[in-house]
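Structure first, commentary second.
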Amino acid sequence: MTTQGPVAARGAAVQGRAAAPDADAVPPEASPVRRRAPIGRLLRAEVRWIFRRPRTLAVLGLLVLLPVITGVAVDLTLDGATAAPVDAGPGGAPGAGGGPPIFVTMATSAFVLPLGSLMTLLMLLLPLTVAMAAGDALAGEQSHGALRGWLLAPVSRGRLLLVKTVGVLVVALVAAGLVVTSGLVTGFLLAGTDGLVSMSGTELSVGGVLWRLAVAVAWATIYLMAVGAVALAISASTEHPMLVVVGVLGGLIVSVVLMQIPALDWLHPYLLPSSLTSLVDLIRDPVSFDGLVEGAFRAVCYLVIGLSVAYARLTTRDG
Amino acid sequence: MGPRTKALVAAGAGITVGIAGLALSTLPAGADDDPVLPAIGAEELVTSALAARAPAFSGVAEMQNELGLPAVPGTEALDFESVRVFHDGEESARVQVEREASELTFVKGSDEAWAYDSREHSAKRFTWDEADAAAARGHAEAELADPSEAAAEIIERLRPTSDIAVDGTARVADRAAYELVLTPKPTEKTLLREITIAVDEETRVPLRFDVFANGRSEPVLSLGFVEFEVGAQDADLFEFTPPEGAEVETTEADDAVGSARDAKGRDDVGQYASTVGEGWDTVVIGEAPDDLPTEAAVEDGQDLGGILAQVGQPVTGEFGTGTHVQVAVGGAVVTDDGRIAAGAVPRQVLVDALDTDGAVQQ
């Protein structure tokens, strides 16, 4: 998922961007008062850069496509043999040993399809997207010298981390939002407003579905930011963006494996992916928020750890 | 402070805070000391608990099941981890049994009750003319899942055959409660040691029950609230309209009354099951469902008969022949003609129960 072409041009442009705030301000050497680069402009530039990368667009396109493929495939299968295909979706929740995944009933509804897709993609592809963005943010720019511009520019390391974090946050939000929106639109096209039913058997209004999906996107963003913070910590410690992606995905896979071992159940509350099953609670009516709140809290803990390590690594980094 | 020290402090503080937060969320809630409550007599507590009317409340209960029971029809309601309960303080209640990716929802109103299973996308409707006990029996599964109802049922059923005592106090779902202990009378032929029931001091609603078996210090079955909040509930919670496309099946309570107690000593508790005996040595007898292969049927290379032969021992009696399987708190006999008898009792009691049941049926 690497692109070779625009690297050099990008590196130069990033340097130009980093220096840009000084161009219309007084050059730092010339004045005893160092003008701080306006944060808004830095953020805009960062976000523009992220979304100009072909790999970002490629993975986002894939994220849009997958709910559509799932919906259409399940729809076709359901037409073929009613109620027979139990393994319609690629698994509703990790380790769902007991019942069939939530895909079985109303699998293509505008409610279950976006949530189910989000849950499935949160296992690997969405973390991959975020890890990729975080890897590019620090390690990637370091690897072709673009970070040097940042480090020399009148931007404090804390602000640099802030800009990079917001960049990752935007990616997380856009990615989660795209998955849900794509699922929602596909669901509406396939089933209209049919099948907007909670697991408790209540029919939901379109408004009821929309706020639940909004909560799902917000929650997924927090979860992905926890992944992103850890990725930024790795990213600040290396100059190989590949290492960031491998580290994050490896960590997630190891966590999931550990979650399968009942003897380690004392460890499970410490593992980030154990929050994922709580998204199912959004399909219940009334929604029980206990699991979601706990999952969000766990994610914030990871966020604090990740960002503090990233900050420590960044402040001690030489230009 | 140099940048290096600053970095170390930042990293150290962040990691500490983060890990402390993670550890915090693993701590069990409500590990407080037992509350001090005015002394109360066992009889008074039992009477007040049985007379207690549940206030309007919402609660979350969790279940711990170490029974190792074989799949007896009618015990599917025991296959869950957590359940949410809503009461309006009058006749209406809502019980949601949460499974990993599906849910069983029971909604009981003043003149009808619904059971919805999201796995099947099917709804069952129970109606009755008068809100009597037979109607309540129709959705016994719902009561099993609600700790307050289930514990009250236990007290009522086991009261005549138990020695009852109050054994201190406990804190359940952050509420002060009395611990009621039911011990089987010496004449009872059971493998259970005792059942403890925590009764809320303020409302007298049972909040938790634990079932203990002989020779085990940990409870084999525990169902209790982890959250319990008294307060008015939204009226919408107690109304149910089956969603479009759901399979709806209606049962009149009158039919249920007709078929229940159709014969002396044989008391219908569900579609498949009947009970023999009373109190601690009650034996539940059920028909193995049709889709369950009973006789040497091969499914996925597994032979149910072969498995039974491996884990169980053959038994014979007037009822015919079968296989006895021993589990933590009791046992079950699967007969060769596809009936299952289970209870917290020794093997001979199961065999006797099957004989009795066979005699009643003829």
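The values are calculated or read from the model by the stated rules, or taken from the named source; none is laboratory data. Note that the coordinates shown come from a computational prediction; the quantities given were computed from them, not determined experimentally. Every residue, glycine among them, receives a Cβ derived from its backbone with ideal geometry; neighbour counts consider all protein chains shown.
If I filter region A:88-99 for residues that are crowded, with 23+ Cβ neighbours inside 10 Å, at the interface with chain B (Cβ under 10 Å from one of its Cβ atoms) and modelled with pLDDT under 50, do I get at least one hit? The answer is yes, given that some residue of region A:88-99 is crowded, with 23+ Cβ neighbours inside 10 Å, at the interface with chain B (Cβ under 10 Å from one of its Cβ atoms) and modelled with pLDDT under 50.
Answer yes or no: is there a residue in region B:247-261 that is more than 19 Å from B:Ile154 (Cα to Cα), of a type in the set (Val, Ile, Thr) and at pLDDT 75 or above. Scanning region B:247-261 turns up at least one residue that is more than 19 Å from B:Ile154 (Cα to Cα), of a type in the set (Val, Ile, Thr) and at pLDDT 75 or above. Screening A:Ala220, A:Ala175, A:Ala226, A:Ala191 for residues that are within 12 Å of chain B (Cβ to nearest Cβ), of a type in the set (A, V, I, L, M, F, W, C), within 11 Å of the chain's Cα centre (by Cα) and within 24 Å of A:Val64 (Cα to Cα) leaves exactly one candidate, A:Ala226.
For region A:297-306, name all the residues that are within 17 Å of A:His268 (Cβ to Cβ) and either more than 7 Å from chain B (Cβ to nearest Cβ) or surrounded by fewer than 18 Cβ atoms within 10 Å (Cβ to Cβ) (or both).
Step one: list which residues in region A:297-306 are within 17 Å of A:His268 (Cβ to Cβ), which gives A:297-299, A:301-302.
Listed by number, the residues that qualify are A:Phe297, A:Ala299.
Can you pull out the residues in region A:189-211 that are surrounded by fewer than 19 Cβ atoms within 10 Å (Cβ to Cβ) and within 25 Å of A:Ala73 (Cα to Cα)? Give the derivation first.
Filtering region A:189-211 for residues surrounded by fewer than 19 Cβ atoms within 10 Å (Cβ to Cβ) gives A:189, A:192-194, A:203, A:205-208, A:210-211.
Answer for region A:189-211, where residues must be surrounded by fewer than 19 Cβ atoms within 10 Å (Cβ to Cβ) and within 25 Å of A:Ala73 (Cα to Cα): A:Leu189, A:Gly192, A:Thr193, A:Asp194, A:Glu203, A:Val206, A:Leu210.
Scan region B:6-57 for residues that are within 14 Å of chain A (Cβ to nearest Cβ), buried (at least 16 other Cβ atoms within 10 Å of the Cβ) and among the β-branched types (Val, Ile, Thr) and the total you get is 1.
Quick check, is A:Asp136 out of contact with any Leu (no Cβ under 9 Å at 6 or more places or on another chain), of a type outside the set (A, V, I, L, M, F, W, C) and within 13 Å of A:Ile50 (Cβ to Cβ)? Lay out the reasoning, then the answer.
Values: out of contact with any Leu (no Cβ under 9 Å at 6 or more places or on another chain): yes; of a type outside the set (A, V, I, L, M, F, W, C): yes; within 13 Å of A:Ile50 (Cβ to Cβ): yes.
Yes, satisfied.
Of all residues in region A:253-285, exactly one satisfies the criterion of being facing another protein chain (nearest Cβ under 9 Å), surrounded by fewer than 18 Cβ atoms within 10 Å (Cβ to Cβ) and not in a helix (DSSP H, G or I), namely A:Trp266. Exactly one of (1) at pLDDT 85 or above; (2) among the hydrophobic types (A, V, I, L, M, F, W, C); (3) surrounded by 14 or more Cβ atoms within 10 Å (Cβ to Cβ) is unmet by A:Ala18. Its number? Only one criterion is unmet by A:Ala18, namely (1). For region B:99-115, filtering for residues that are in contact with a Phe, Trp or Tyr (Cβ under 7 Å, 6 or more places away or on another chain), modelled with pLDDT of 80 or more and within 7 Å of chain A (Cβ to nearest Cβ) leaves 1. With respect to (1) within 14 Å of another protein chain (Cβ to nearest Cβ); (2) not in a helix (DSSP H, G or I), the lone exception for A:Leu161 is condition (2).
Out of region B:204-233, which residues are part of a strand (DSSP E or B) and farther than 28 Å from B:Asp281 by Cβ?
Residues satisfying the conditions are B:Phe225, B:Val226, B:Glu227, B:Phe228, B:Glu229, B:Val230.
Here the condition is being crowded, with 20+ Cβ neighbours inside 10 Å, assigned to a helix (DSSP H, G or I) and at pLDDT below 90; of A:Leu118, A:Leu126, A:Leu147, it holds for A:Leu147 alone.
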